[in-house]
Amino acid sequence: MTADLSVPLLLAFALLGAAALAAPLLARRRTLAGVVNLALVAAAAVLLFLVGYGSLFGPAGHASATLSLGPVTIPLVLDGLAGLFLGIVALIGLASALYSIRYLERFPGRSLRSYYACFPLFLLGMAGVLVVDDFGLGFTLAWQLMTVPAFFLVRFEREAKETVRAARNFLIFMELAWLLVVLGPLAVPGCRFGDALPVLAGKLGQAGGAPLALFFGLLLAGFGLKAGVFPLGQLWLPGAYSVAPSPVSALLSSAMSKTGVYGLIRAFLFMAPAGNPAFDARTWGLVVAAVGAATLLIGTIQAMKQSDAKRLLAYSSIGQIGYIVLAIGVALALALPAGPAVSVLAAAAVIGALYHALNHAIFKGMLFLTGGNILYATGTKDLNKLGGLIGLMPVTAAIAGLGSLAIAGMPATSGFGSKWLIIASSVLAGDSGFVLVVFGVIALFTSAVTLACYVKFFGMAFTSVGSEWNVGRPVQEAPASMLVPMIALTAICLVQGLFPALSVGLVRAALERSEGFLLAGALGSPAVPVPSRALGLGLPGLGGPVSSAAAAPLVVLLLVGLGLALGALLRRAGGSKEVSAPTWLCGYQDLSNANRYTDRGMFAGLRALFKFAGGKSGK
Amino acid sequence: MSIAAVFVNVLVFLLLAPLFDGVLRKTTARVQTRQGPPIVQPYYDLFKLLGKERINSARNWAFKLAPPAAFASILAVVALIPFGGKVNALGGRVDAVTVIYLLTLGGVSVLLGALASRNTFAAIGASREMVTMVMIEPILAMTLILGAARSRSLGLGAAVFGAAGPGYGAAAAVMLVVYLLALQAFVAKQPFDIAEAEIEVLEGPFIEYSGPDYGLFRYAMMMKQMFYAWLFVAVFLPFLRTGHYLGDILTQLLGTLAVFILIAVVGSTNPRLRIDQAVKIYAVLILIALGAVGLAVAGV
């Protein structure tokens, strides 16, 4: 079993390594280099999917292995959790590789050698971070293989000062994150650099209070820095995500930030020593949940203030990661339960966290690629200069609209299911702490703010007016090879939204096939969420036989569909005719660049209220 | 069969929402010592709008999609609610979080149409509408969470009827006051009719809409108002419950009528606030509501 999975894994690594050698050699023939990169990345992605599938659904077995590099051996883990995240990396990597081919036409004079050398190495590094099972040498190698190529990718447009500064910050803070994580185990007595994580977890079980606090504090800071939690994410994330070429931005936000989430889950939900009286799971859970709540609120409010499309998306990534971190914290706080009802909520929260991680990978990928299409077609990402693209780029607009609805968590889209699990589990945890209810309310409130962000993003870029005066070139829809990966992601997003039981099943498989999961007992109990209710989701009753919460996207879709049909019927019922007329501004003036509505006035009342949150749309 | 209750919900709301709007207009007129239109005037308005021409200044699909989408969202909400005191077949498959988000979806449709219409006034109105939505959604949410916290379930029946029953606690009393203060904002009436503000931004989001498109928006607004008035009755007036389905429908409708009269009186005697003033009021209301939920969790 072990050998079965590590062979395709190492083969995938070899293919990515080969891509890093082969494509740069062909860099002069730009399209050919892109196609070779795509072909090798695609082959590696297929193998990674096989590994992921095998670890999730293959015959069960001990899912660890070792990799020998000369004198050193690196422990690897290929369990369900790693498999799930490998799937994300492979999917987004594949989409991004296809998207890159035409997108790089934006930079006609520039050599693509470094881009095509770094792109597969970056994927290799991310996959490596997911499968290494130590915080020592293997982790260091993988982390550097992820960070250094990513640095060069972020720095791709290096003539702009802003880009160089953002890339530098990225490198500094990612190295700091590495240092924090590697120092973590050294704080625990008896642990050495390079101990495999199960060994480490065993030693944590006997450690005292101070080393434990130091260990988990360092890991929270290190992986939190990577994932972009408040206030650490603000230091590097918005800059790096917004200046990188768009396919790279999609990889950074959809895949790379998930390595931080993955680390947090490994640390807090796998290594947490439940039996050790010196470890207070509840307090740690509340700390992590508080960090998550602050992150989601502040990141999203800052996103609302941005006028640069990609900075808006970047800040909103911080906000969405906040939801995941909140859910991890809620799960940990409820992990050592007062009763079966509470462990149901804990399991629901952790399922929500992973479900949201999957969803975020997909819809943020869609949205960043949408940002790329806008940049490709218009040459600008300034929302104040855009507007009215809906007629010129209809496919991109439709994808952006769906992505926006999904990230705002509108019913029947994918974001709804995962946010529902997170909000319901924190709100219903009232008995175990009022503060969790407050976090749930903050999460609900932030959903509305997220919506405001994306009303702004979609409204100012695609509807309203502006591009006809401010974009000095004809605007066309993006080429097919850029739209295809986006359409594929959109299709996945729709399935995730309409059939939440599928995603939840995937997540459950991942957790059930991972050894050492803190809530394994809760997950095993028959009461746990949740694929139930005709393709919907339900949480079993906490106070009685009636289910205490439920979501059924298909019911919502049916009702809204019938309502739409009735609305359309009413519209025709009176035999009214459609006529065309210019926009009416009270008859004094025609609509022009001088009297349109720009970013400055948008949501002014809210911005004034949330002045304390900072995040001016500075350059 | 409780699937029939879904149709009852939809029919009652479709048929009576304009009537309540008529009551609102009549009462407002009387408070201002005017004669006012007949109570059935909103029906005439809707019929007339259905036959008038649709002026399309935007020429994109979002502009056309918005009115039926707003109508469909609120229709989905009223189909799911436990009207008449019992949870219906579809309402039992979803929960309070779904209803909160569906109401938001209705608001989004208005914003989408406003921004798609390319009109500057509409954009101003959309911005204000969005700000209002962000700030009052938590109040609605916490009204339902209060019931959910007391009955430990987010199911629609538990969330709606759990706040004030069994036993009227301090938490419900505080939330009742908050809801009453937010009511004008829920139904977009003065002093919180900031987004539409006819004499200021010319109906804001709806400025470019005409004919049946505008009619659908108006119809959706009327149903939304009726929903919020009904919700007040269902959550905070448990003594109106008779235990019979039809009896409950009747008492809830009578209660809704009373709430509409209240809305009209408050609306016709209070001048409009500015958005920045309103936002501060909402912020205070959110904090008080959070306190009420805290009381409920503590079991007071």
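Quick notes on this structure:
- Protein heavy-atom accessible surface, 1.4 Å probe, per residue over region B:3-298: 32 Å².
- Relative to one another, the C-alpha centroids of region B:53-84 and region A:377-421 are positioned 19 Å apart.
- Working value for region A:27-159: equivalent-ellipsoid semi-axes of 30, 18, 11 Å, each the square root of 5 times a Cα gyration tensor eigenvalue, largest first.
- Net dipole in debye of the protein assembly as shown [+1 Lys, Arg Cβ; -1 Asp, Glu Cβ; about Cα centre; nearest 20]: 1360 debye
- Label-to-label distance for A:Y588 and A:L494 is 4.6 nm, based on points extended 7 Å past Cα in the beta-carbon direction.
- Using a probe of 1.4 Å on the protein chains alone, the accessible area found for A:V7 is around 90 Å².
- Protection proxy ranking of A:78-90, A:25-37, A:409-421, A:473-485 - average other beta-carbon atoms within 10 Å, highest first: A:409-421, A:78-90, A:25-37, A:473-485
- Computing Rg and the Kirkwood Rh from the Cα coordinates of the protein assembly as shown gives a ratio, Rg/Rh, of 0.98.
- The number of Lys pairs in region A:280-534 with C-alpha atoms less than 17 Å apart, excluding pairs fewer than 8 positions apart on the same chain, is 12.
- Counting Cβ atoms of other protein chains within 10 Å of each residue's Cβ and taking the mean over peptide A:457-463 gives 5.
- Label-point separation in nm, A:A160 to A:Q144, each point 7 Å along Cα→Cβ: 3.1 nm
- Within the accessible surface of the protein assembly as shown, defined with a 1.4 Å probe on protein heavy atoms only, the carbon and sulfur portion equals 68 percent.
- Computed P(r) (all Cα pairs; region A:188-334; 10 Å bins; percent): 12, 40, 28, 15, 4, 0
- FRET efficiency, A:L502 to B:S2 (Cβ-Cβ, R0 30 Å, nearest 0.05): 0.60
- Binned Cα-Cα distances of region B:3-298, short to long, each 10 Å bin given as a whole percent: 7, 28, 37, 23, 6, 0
- Between 0 and 90°, nearest 10: helix B:170-186 axis offset from chain B longest Cα axis: 10 degrees
- Placing R0 at 30 angstrom, the Cβ-Cβ distance between B:I288 and A:K611 gives a FRET efficiency of 0.85 after rounding to 0.05.
- Equivalent ellipsoid semi-axes - Cα gyration tensor, region B:239-294, angstrom: 31, 19, 7
- The mean count of C-beta atoms from other chains within 10 Å of the C-beta of residues in B:265-277, rounded to a whole number, is 1.
- Dipole in debye (nearest 20) - region B:171-300, about Cα centre, beta carbon charges: Lys, Arg +1; Asp, Glu -1: 440 debye
- Unit charges at the beta carbon, dipole of region A:63-180: most positive-side option, A:G80, A:P149, A:L104: A:L104
- Extension gain from B:L246 to B:D276, taking 0.36 nm per residue of separation minus the Cα-Cα distance: 6.4 nm
- With a cut-off of 10 Å between beta carbons, the residues surrounding A:W469 carry a summed charge of +1, where Lys and Arg count +1 and Asp and Glu -1.
- For peptides A:310-322, A:185-197, sequence by mean Cβ density within 10 Å, most packed first: A:310-322, A:185-197
- Shielding by partners for peptide B:138-147, expressed as the average number of C-beta atoms from other protein chains within 10 Å of each residue's C-beta, is 3.
- At R0 = 22 Å, FRET efficiency that the Cβ-Cβ distance of A:V395 and A:E578 yields, to 0.05: 0.35
- Options B:L231, A:L137, A:P8, ranked by Cα towards positive dipole end of the protein assembly as shown, top entry (Cβ charges): B:L231
- Cα-centre dipole for region A:280-534 with unit charges at Cβ (Lys and Arg positive, Asp and Glu negative), debye to 20: 280 debye
- Screening chain A for DSSP H helices whose Cα atoms reach 24 Å or more along their own axis and whose mean Kyte hydropathy is at least 1.6 gives A:2-25, A:30-57, A:80-103, A:137-154, A:209-227, A:434-461, A:480-498, A:553-573.
- Only beta bridges with both residues in the protein assembly as shown are counted; by DSSP, about 85 percent of them are antiparallel.
- Region A:92-180: C-alpha gyration tensor shape, a/c 1.5 cut-off, then a/b vs b/c: oblate
- For the pair region A:292-318 / region A:130-201, the C-alpha centres are spaced 24 Å from each other.
- Burial order of peptide ranges B:13-23, B:64-74 (average beta-carbon count within 10 Å, highest first): B:64-74, B:13-23
- Using a probe of 1.4 angstrom and keeping all protein chains present, the accessible surface of chain A works out to 32 square angstrom per residue.
- Annotation: average projected area of region A:280-534 is 13.4 square nanometres, based on the convex hull of Cα atoms across all directions.
- Extending 7 Å from Cα along the Cβ direction at A:D599 and again at A:D382 yields two label points whose distance is 0.9 nm.
- 18 Å reach of a label modelled at A:Q476, 7 Å along Cα-to-Cβ, counting backbone N of region A:383-400: A:389-397
- Between A and B, accessible area buried - total, square angstrom, nearest 100, 1.4 angstrom probe: 6600 Å²
- Proximal lysines relative to B:K48, as straight alpha-carbon distance under 23 Å, when same-chain residues fewer than 8 apart are discounted: A:K577, B:K26, B:K64, B:K224
The values are calculated or read from the model by the stated rules, or taken from the named source; none is laboratory data. The model shown is predicted, which means the values in this text are computed figures rather than measured ones. Every residue, glycine among them, receives a Cβ derived from its backbone with ideal geometry; neighbour counts consider all protein chains shown. What goes into the accessible areas is simple: the full protein's heavy atoms, side chains included, and nothing from ligands, DNA or RNA. Shrake-Rupley method; radii C 1.70, N 1.55, O 1.52, S 1.80 Å.
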